[in-house]
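Note sheet for the following structure.
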Amino acid sequence: MSRKPYIRTLSSTSWWLAQPRYIRYMAREVSCVLIGAYTGVIVVGLLRLSEGANAWAGFVAAMQTPASVVFHLLALAFALYHTTTWFNVTPKAMPLQFGDTQVPGSIIIGAHYAGWIVISAALLLLAGV
Amino acid sequence: MEMTTTDIVIVGAGGAGLRAAIAIAESNPDLKIALLSKVYPMRSHTVAAEGGAAGVAKDEDSLDNHFNDTVSGGDWLCDQDAVDLFVEQAPKELTQMEHWGCPWSRTSDGKVAVRPFGGMKIERTWYAADKTGFHMLHTLFQTSMQYPSIERYDEYYTTDLLMVDGACRGVAAIEMRTGQMRLFRAKAVIICTGGAGRVFPFTTNGAIKTGDGMAMAYRAGVALKDMEFVQYHPTGLPGTGILITEGSRGEGGILVNNDGYRYLQDYNLGPPDPWPRKKAMELGPRDRLSQAFWHEQKKGRTISTPHGDVVHLDLRHLGEKKINERLPMVRDLAISYVGVDPVKEPIPVRPVVHYTMGGIDTDIDAKTAVPGLFAAGECACVSINGANRLGSNSLTELLVFGSRAGRGAAEVAMAESTHVDESAIEKAAEEARAKVTGLFQNVGGGETISGLRKDMNSTMEEGAGIYRTEESLKDTCVTMKEIHARFANIDLEDKSNVYNTDLLQALELGAMIDVARAMAVSALNRQESRGSHQRLDFVERDDEKFLRHSLASYAGADDPGVDYRDVVITRSQPAERVYGGDQK
Amino acid sequence: MSLRTFELEIMRYDPDKDSEPRFETFSVPCEEDWVVLDAVNYVKDNLDRTLSYRWSCHMAVCGSCGMMINGEPSLSCKTFMRHMPDKIRIEPLANFPIERDLVVVMDDFMDKLASVKPYLVAKEKKAVEDGSYLQSPAQLKKFKQYTLCINCTLCYSACPQYALGEGFVGPAALALAHRYNLDSRDVGRSARADVVASNEGIWECSFVGACSEVCPEHVDPAGAIQQTKIASTLDYFKDLITPGRDK
Ligand SMILES: Cc1cc2nc3c(=O)[nH]c(=O)nc-3n(C[C@H](O)[C@H](O)[C@H](O)COP(=O)(O)OP(=O)(O)OC[C@H]3O[C@@H](n4cnc5c(N)ncnc54)[C@H](O)[C@@H]3O)c2cc1C
Ligand code: SF4
């Protein structure tokens, strides 16, 4: 008898359940859906604003419903997850080397967090909070 | 039988085989090359070499120095014309590797860095951290991919050289994934199958180092030269035999016994200071260091562990930064396999079988006595290593003699206008196939591969280890003869074709038995002590009788016959080997 | 030395007899300091001669002995029994066809490795007599990590993109291309780009990152691929701005 290589197949719909690390990856990818949805909300808000005070007030009221609060909390959680997972891989994608020494990953990651805080603070300041 | 016709067959895709293939492809792109290997090229054991490759690099060094270190390191059993050629070609070949991208470690001004090695007077060992063989093998393999004339046959186990009218005209090989025997017809054949450390139980050699090519050439009528010289490396990890490179002593590591005492000073290798000194103490040659361990053990000054006695290799004073930069693999291996972090604790080590100085008898052009047949690398004996190889000469030897074999075979192939007759070579191949089918037909003999292997390993260690006597060697020769006879009674449990490793292990065992017998009988006949061959009953070197190469010829079931040939001496007369403070 | 007995559940597949793989269980008394490969060798030498698998160096550098050990792609010579539960499941590396038992078919990987032109392309051929190129330790350090790949293919076994997508060049091969691209002596980047920057190359990678997690040599192929994506994007824009620029 001769060769008969056996090919194992992977389900194209449920492969990501096979390993915890695939699930984590999916969570990172899926988290962008909520971020996308939130962007949609902001766009709607801008539209309302352009339509006048009444429209804007209606939008603000809608934002205050319990469902909307829950949505915001969820979106925040996913945005944080999305951001931190990407920050944590930046040293891989953008390694820095000065002369002979490799910049430690923690510094590159730290710089991203620092940048995040500075920009957030600047925005808040601009918004007059 | 399916036949492939090519110009040159190379058996073995380790450092030597790949270098030979590239040399042929560069010298004539029209020559077709079949490169056969029983493992994928990057699995070849060259991958395990750690320390480095020797070649004169510094202004204050000279070819003469490298020559003298090599010849005295080999206890004057080296052929001096070959050594001259070797040291002269060495820097060129290593530079060629650099041009092919080998990531040699560098000095701050961007030049290739060199480190001290045992028995070498001046730093001349080129290194790529402590993964030199790995980087060389992968560089060669990757470089070889750009030559379309190199056709690879990965996982083809070669069983026999095919002889027609006294010349080697091809090989028979088993395609492992189908189990089919294939015939390769060629104008020249190069054997590059590596060493045979697996003949012994405790070795740095990987599972594939079973002396296949040595046995093939031997059975085809080429003598095995200087087989009694087997190198013990002084620093292997207990249990696994994993190597801790000599480079760790080159970087400043020291060896101490159970009292924390640098015992090498008691064996004509001292004084211990000032440190580091080349060719002294821990940077003495391997044979001397392994022998010193044996004496310490006899004196009860070693440390006992469940895996045998050890001494300590202390690297702590080098500091974490240097260890990480120069010896990262050593650190990783020690932590993983013996649970010792060399930054914090000394590493337990003991001598371990490492290298076969002997091998297929070739001349300075890597040619054997059989027309059309070449050999290079650890399987060959040119001989530049004599009675004791200096660390880091072997990786360079692969390059120098690998490319020489390649060019030589190319010339032969270009001179031969036609291939040999199909029917003649098919007949030879059928005989090879019959041997393999014969193995399948054995039933009820009751011998097992693992059982025979164990018996071979233990008799070789007992009788032909670091120190040998007439009695121990005679016992081993008799036992090995019995093992050879018992081999006819092994039963293959696996009768299938696809990737039958039971069959391959049986073939490998057959090769090892023949090689082991050549080692034991050659050792019995050499009634002197020289380099790695130490006899308790003949403790002196005897130039009168034995400044000669031994040549073992295959005699089937009988013990091999052993002849001798004078060593080629051109400009260095045999003298005492002096290391440590007594050096001039 | 103390012995502990493990149950090894090994996937078997004999193309002559089996229509699909099955599991077979072996009881193996193991010494404290054994690795999984030692236990598998014990099975071959003492319990079943027909078991097929690859191994050679037993020091984590030849790259032969990769297996799925309890679902994780691992080098069996570097996976210690002392860290293992009493029951161990051993399978051939995932995402490759099974030739027999623990032996997988490597052809696709070998082809992909060759496809990225993994060799130094020099600006002009230099004679050996002219000596070595200069390369500073800093220049060496830039690519050194990516030279450390032992071709064990664990990363291919971990990569869902390789498993699903047709033809993904894959982590190790792309990391090797990156190694040469970063080498100060090399000018072959644009020649490699055909394969590397194609749809089957870096753009097939969705940065799951599993390859880097399982890599025994810390090569970080995922990092190499992301860096190549950035470099290749920059190339694209540079080409837009200055068409026909010298690469
Ligand atoms: C742990 C270790 C560390 C070392 N360190 C150093 C060092 O620092 N410096 C130094 O100079 N030397 C060192 N050496 C020695 C040196 O590495 C070897 O001598 C050298 O690599 C051998 O290379 P080779 O090409 O002859 O054989 P290998 O690399 O062993 O290749 C043999 C080839 O032959 C093939 N083959 C064998 N049998 C068959 C068959 N029947 N059919 C088909 N193919 C077959 C194999 O598949 C393989 O491709 C070291 C050795 C070891 C074991
Ligand atoms: S990148 Fe790592 S996991 Fe992938 S083949 Fe290379 S060494 Fe193995």
Flagged as over-length at 21 Å C-alpha distance, from B:209/C:144; B:187/B:225; A:4/C:17, the pairs are B:209/C:144; B:187/B:225
One would report the antiparallel percent of DSSP beta bridges in the protein assembly as shown, rounded to the nearest 5, as 70 percent
Checking an interface number: how much accessible area is buried between C and B, summed over both chains, with a 1.4 Å probe, in Å² rounded to 100?
5300 Å²
Could you check how much of the accessible area of chain C is carbon and sulfur, as a whole percent, using a 1.4 Å probe?
51 percent
For B:508, C:32, C:166, B:50, what's the largest-to-smallest order of accessible area, 1.4 Å probe?
C:166, C:32, B:508, B:50
In order over region B:67-80: 3J(HN,Hα) from phi, Karplus 6.51/-1.76/1.60, θ = phi - 60°, whole Hz, x for each Gly or Pro, gives 4, 5, 4, 5, 5, 6, x, x, 6, 6, 9, 7, 7, 6
Taking only DSSP H segments of four or more residues, each worth -39500 (n - 2.57), what value at 222 nm results for chain C once the sum is divided by all its residues, to the nearest 500 deg cm²/dmol?
-9000 deg cm²/dmol
So how exposed is residue B:107, as accessible area in Å² (1.4 Å probe, rounded to 10)?
50 Å²
Within 10 Å of each Cβ in C:125-136, how many Cβ atoms from other chains are there, averaged over the peptide?
6
Treating only the Cβ of Lys, Arg, Asp and Glu as charged (+1, +1, -1, -1), what charge dipole size does the protein assembly as shown show about its Cα centre? Round to the nearest 20 debye.
2380 debye
For a quick protection proxy, order the peptides B:264-273, A:104-113 by their average other-Cβ count within 10 Å, most packed first.
B:264-273, A:104-113
Could you derive backbone 3J(HN,Hα) for region B:373-382 from the dihedral phi with the Karplus parameters 6.51, -1.76 and 1.60 (θ = phi - 60°), listing whole Hz in sequence and x where the residue is Gly or Pro?
10, 10, 8, 8, x, 5, 6, 9, 10, 7
Ranked from the most accessible area to the least, with a 1.4 Å probe and all protein chains present, what is the order of B:45, B:312?
B:312, B:45
List, by residue number, every residue in region B:24-46 with a reduction of 30 Å² or greater in accessible area between the chain on its own and the complete protein assembly, 1.4 Å probe.
B:40, B:42, B:43
What does the accessible area per residue of region A:16-93 come to in Å², with a 1.4 Å probe and no ligands, DNA or RNA counted?
61 Å²
May I ask you to evaluate 6.51 cos²θ - 1.76 cosθ + 1.60, the Karplus curve with θ = phi - 60°, for each residue of region C:41-57 and list the ³J(HN,Hα) values in order in whole Hz, giving x for glycine and proline?
4, 4, 4, 5, 6, 10, 10, 8, 5, 7, 5, 10, 6, 10, 6, 8, 7
Which FRET efficiency value, to the nearest 0.05, is calculated for residue B:108 and residue B:303 with the Förster distance at 45 angstrom and r the Cβ-Cβ distance?
0.70
CD proxy, 222 nm, chain B: helix-only mean residue ellipticity via -39,500 (n - 2.57) per DSSP H run with n ≥ 4, per residue, nearest 500, stands at -11500 deg cm²/dmol
Provide the solvent-accessible area of residue B:111, counting protein heavy atoms only and rolling a 1.4 Å probe, rounded to the nearest 10 Å².
120 Å²
Please work out how much accessible surface residue B:154 shows to a 1.4 Å probe, ignoring ligands, DNA and RNA, in Å² rounded to 10.
30 Å²
Magnitude of the Cβ-charge dipole of region C:4-104, K/R +1 and D/E -1, about the Cα centre, nearest 20 debye?
160 debye
Long-range amide H partners of residue B:152 with built H, under 5 Å
B:35
Per residue solvent-accessible surface (Å²) - chain C, probe of 1.4 Å
39 Å²
Can you pull out the trypsin sites (Lys or Arg not before Pro) in region B:334-427 whose DSSP state is coil and whose Cβ has at most 15 other Cβ atoms within 10 Å?
B:344
Ignoring ligands, DNA and RNA, what percent of the 1.4 Å accessible area of region B:45-118 is carbon and sulfur?
45 percent
What ranking of C:11, B:163 comes out by heavy-atom accessible area, probe 1.4 Å, highest first?
B:163, C:11
At a 1.4 Å probe, what is the % contribution of carbon and sulfur to the accessible area of region A:16-93?
77 percent
Compute for chains C and A the buried accessible surface, both sides summed, probe 1.4 Å, and express it in Å² to the nearest 100.
2700 Å²
Could you sort the residues of region B:170-207 by number and keep only those whose accessible area is reduced by 40 Å² or more in the all-protein-chain setting relative to the chain alone, 1.4 Å probe?
B:177, B:207
FRET efficiency (residue C:184, residue C:240; Cβ distance; R0 30 Å; to 0.05) is 0.65
What does the average come to when, for each residue of peptide B:252-258, you count the partner chain Cβ atoms lying within 10 Å of its Cβ?
0
Over chain B, with the other protein chains present, what is the accessible area per residue in square angstrom, probe 1.4 angstrom?
31 Å²
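The values are calculated or read from the model by the stated rules, or taken from the named source; none is laboratory data. Because the structure is predicted, anything quoted here is derived from the model rather than measured. Neighbour counts run over all protein chains shown; Cβ positions are idealised from the backbone, glycine included. Only protein heavy atoms, including side chains, enter the accessible area calculation; ligands, DNA and RNA are left aside. Shrake-Rupley method; radii C 1.70, N 1.55, O 1.52, S 1.80 Å.
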